[in-house]
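Reading through the structure tokens given below for one structure.
The values are calculated or read from the model by the stated rules, or taken from the named source; none is laboratory data. On a predicted model such as this, the values are computed, not experimentally measured, just so you know. We place every Cβ from the backbone using ideal geometry, glycine too, and count neighbours over all the protein chains shown.
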Amino acid sequence: MRPKAIFFDRDGTLTHNDPAGERLRAEKLRLWSGRELDTSDAYFMKMFRKVLQGGFPFAPYHDEAQEAAFFRQWYWFVLEDMGVAEKREERADELAQSLWYQMKIPYPDTVSTLECLRNRGYAMGVISDGPPSLERTLRLCGLHGYFTSFTASSLVGAGKPDPRIFNAALAAQGVTAQESLFVDDTLCEVEGARAQGFCAFWLDRSGTQSGPGVLHSLEELTAIAQ
């Protein structure tokens, strides 16, 4: 049966962070602190939990204004942790507004794949463990127009592979899991989609994995979704 809808993860599947923005952020923090920013996921989550545990009214965030306030506080804690005392409020504002993590770059195979699938008449949506700015990030990098639904974990209240986020995405498109394809670069999230009834594919851009249901490029999807 030809699927009616195709859903994609955002980060690592459709897009990646803009290296220029990340370099600029690192340079500013190095200038202000004399230290290198820890860019590990563990450090990000350490500061993330610190904001969550602070009892702030915008944690968790439910709209872009709350999201901005959350990450302003996140950067405030990063500056504190890196020993930056001077102009901490002003610098947290700068990092949260003009150097935000929202700048994304599509992978080289993203636009051609989406263009092909749209021309074939597929409805497409994004399912992301992300903040309320999901739509804006896709608009900024030129991908927004390919999609008719945007399902963010921060708005649903559950992240992949929780069935609630998949069900919210399906409801947004008016389709069932059995009528849908899903692509993600994280295996556990692919497995969660399969458990819901999706035909789901694991996108391994490193090329180290193989087997049924594994893609090494988004363009491989165009041979499957005819």
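A single member of V78, V111 is free of Cβ contacts under 8 Å to residues at least 60 places away in the same chain, in the same structural domain as P132 (by TED's automatic domain parsing) and surrounded by 15 or more Cβ atoms within 10 Å (Cβ to Cβ), and it is V111.
Summed over segment 181-226, residues that are more than 12 Å from D9 (Cβ to Cβ), touching a strand residue (DSSP E or B) at 6+ places or on another chain (Cβ under 7 Å) and of a type in the set (D, E, K, R) total 2. Among residues of segment 18-40 that are without any contact (Cβ under 8 Å) to a residue 60 or more places away in the chain, those with a beta-carbon under 8 Å from a residue that is of a type in the set (K, R) and assigned to a helix (DSSP H, G or I) at least six positions away or on a different chain give the pairs W32/R91; E36/R30; L37/R25; L37/R30. Within segment 132-165, the residues that satisfy the criterion of being touching a residue at least 60 places away in the same chain (Cβ under 8 Å) and either in contact with a Lys or Arg (Cβ under 6 Å, 6 or more places away or on another chain) or assigned to a helix (DSSP H, G or I) (or both) are L134, R136, T137, L138, C141, S154, L155. Of all residues in segment 196-222, those that are within 18 Å of P108 (Cβ to Cβ) and not in a helix (DSSP H, G or I) total 8. For the criterion of being in a helix (DSSP H, G or I), at pLDDT below 95 and under 22 Å from L24 (Cα atoms), A96 passes.
Within segment 1-43, the residues that satisfy the criterion of being touching a Ser or Thr at 6+ places or on another chain (Cβ under 9 Å) and small (G, A, S) are A5, G12, A26.
Given the structure, is G125 buried (at least 16 other Cβ atoms within 10 Å of the Cβ), in contact with a helix residue (DSSP H, G or I) (Cβ under 6 Å, 6 or more places away or on another chain), assigned to a strand (DSSP E or B) and not assigned by TED's automatic domain parsing to the domain that holds F48? Answer is yes for this residue. Taking the conditions exactly as written (surrounded by fewer than 16 Cβ atoms within 10 Å (Cβ to Cβ) and not small (G, A, S)), does R35 satisfy them or not? Answer is yes for this residue. Run L117 past the list (1) crowded, with 18+ Cβ neighbours inside 10 Å; (2) within 13 Å of the chain's Cα centre (by Cα) and report the number of the one that doesn't hold. It is condition (2) that L117 fails.
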